[in-house]
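The values are calculated or read from the model by the stated rules, or taken from the named source; none is laboratory data. None of the values given here were measured: they were computed from a predicted structure. No Cβ is skipped: glycine too gets one built from the backbone with ideal geometry, and neighbour counts run over all protein chains shown. Surface areas here come from the heavy atoms of the whole protein model, side chains and all, with no ligands, DNA or RNA. Shrake-Rupley method; radii C 1.70, N 1.55, O 1.52, S 1.80 Å.
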Amino acid sequence: LFIDGNHENFDILDNLEEKEMYGSKVGVLKDRVYHLKRGNMYTINDKKYFAFGGSASIDKSHRLPYLSWWPHEVPNGEEFDHAMETLKENGYKFDYLLSHTASYETVIEMMRYPTRFNDPTEVMLSEIEEAIDANGGSYEHNFFGHHHVYGHNDKHTAMYCQVYCVETGKTLFF
């Protein structure tokens, strides 16, 4: 299972065969390899996972459109609206947020990046977190990997070269 990031070939991902799995639609890359789609909620082993992939490429000026960069790397308004509706349908409560980047505030806090790069996906994730809080919702943890570092606070973990086991609560580093 995977969510999309920002350097994906969206010509392929957007045209994958879809099937219903874990309570929502997935894209079928190949047998036993599935794309968890933006804004969908999945129930796996009695845990609810909210998927919201995508992120802006800071290096897109050095990439070739539709070869190494796709405009669809950033979620569009329809995907954001779908995400908000999915959250509402689920009472704004779930176990884990799987995203490629994190909310704007989390990136500033954890990555200590200068604020000059504007990633619309981070703003969308901020709005998602605000909606969860405003509607009495909750989730245990957000896992993301866009920044190529490992770091964490009580609610967010930046993953890079490791795997987190939800069942044991242990992180394996590579």
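Brief remarks on what is shown
- For segment 1-138, the carbon plus sulfur part of the accessible surface works out to 49%, probe radius 1.4 Å.
- With the biggest extent put first, the Cα atoms of segment 23-93 measure 42, 30, 17 Å across the principal axes.
- R0 of 35 Å, Cβ-Cβ distance Y164-K60: FRET efficiency to nearest 0.05: 0.75
- Taking the Cα centre of the chain as reference, the dipole from Cβ charges on Lys and Arg (+1) and Asp and Glu (-1) amounts to some 480 debye.
- The overall shape of segment 92-174, judged from the alpha-carbon gyration tensor, is oblate: a/c is not under 1.5, and a/b is no greater than b/c.
- In this entry, segment 123-170 is assigned a mean projected area of 4.0 nm², taken as a quarter of its C-alpha convex hull surface.
- Alpha-carbon centroids, segment 85-130 and segment 14-36: separation in whole Å: 24 Å
- Potential lengthening of the chain between F2 and A134 amounts to 44.6 nm, from the contour at 0.36 nm per residue minus the alpha-carbon distance.
- Accessible surface area normalised per residue over the chain is 56 Å², counting heavy atoms of protein chains with a 1.4 Å rolling probe.
- Sequence-separation-based contact order of the chain, relative, with Cα cut under 8 Å and 6+ spacing, percent: 19 percent
- In this structure the amide hydrogen of H156, modeled in the peptide plane, comes within under 5 Å of the amide hydrogens of N142, none closer than 5 places in sequence on its chain.
- Under the simplified labelling scheme, the K30-T43 pair shows an inter-label distance of 3.2 nm, with each label point 7 Å from Cα along Cα→Cβ.
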